[in-house]
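Here's the structure we're looking at; comments come further down.
Only the coordinates and a few stated rules stand behind these numbers; no lab work does. Quantities reported herein were computed from a predicted structural model and do not represent experimental measurements. Using ideal geometry, Cβ is built from the backbone for each residue, glycine included, and neighbour counts are taken over all protein chains shown.
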Amino acid sequence: MSSNQIVNSLLQKQQIKQDSNVVELYLGKLGLSCLSSLGRFRFLQRLWLNSNQIKSLVAEDGIKQSFLRNNHRITELYLQNNELSDVTGGISHLRYLQVLMLQKNQLVNLNAILHELSTLQALRVLNLFDNPVVQEAGYRLLVIHHLPSVALLDREAVTSNERKKCRQIHEPEREEVMSSIAFGRRLGAKRSLERYTKSHDQCGTTHARK
């Protein structure tokens, strides 16, 4: 059975007659290895494709493009527990994407992944654990550096200390400037406090003399 037939069967069971009414689509655990274009679902926002055998995001209909190429409204995409080794050309156009689950795949090229996801400025939650890429040196800090919008990476919150460490490693000049500015502010605040204290002491002395 093709992916189109599976989708049509699911819609029929749920008595959904118009594609425009589909904002959520669950296609998990169906043994899918590839999919046809899902462009018919123009208003699709949340898509579950987890726990299949999907090896590529390229559509099975002969067009060498992502089966998500026309689904620009997607905000949540669940692709965990598949057989993906690459996501190049499949996700970068999803500008509203906030949640991306890619754990438990076969992703091996961190630079390619970061390049693909670098356009996703709305991305907040990202899972890549249980992929070969997490074994690369400096993996977590590289992801945080290249994808600054991500607040939760591999189920752990991104901390301010991690962001600072990223700047120290990847943007040392910027971090030096920021540290200088912060030091200047602290120094200025300290001097203001000293002036206030000195002035207050002088006022107290003058009042006592009177």
**Q.** Label-point separation in nm, Glu136 to Leu114, each point 7 Å along Cα→Cβ
**A.** 0.6 nm
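So, counting K/R as plus one and D/E as minus one, what does the shell of residues with Cβ under 11 Å around Glu156 add up to?
Numbers: positive: Arg140, Arg155; negative: Asp154, Glu162.
Neighbour charge sum, excluding Glu156 itself: 0.
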**Q.** Entries in Lys55/Lys165; Lys17/Lys64; Lys55/Lys164 that, when Cα-Cα distance is taken, lie over 32 Å
**A.** Lys55/Lys165; Lys55/Lys164
Q: Starting from one equal scatterer on each C-alpha and no solvent at all, send me the Debye-based log10 I(q)/I(0) for segment 86-151 at q = 0.13 Å⁻¹, two decimals.
A: -0.29
Q. Whole-Hz Karplus ³J(HN,Hα) for segment 6-23, in order, using 6.51 cos²θ - 1.76 cosθ + 1.60 and θ = phi - 60°, x for Gly and Pro?
A. 5, 4, 4, 5, 5, 5, 5, 4, 8, 6, 9, 9, 10, 4, 5, 8, 8, 10
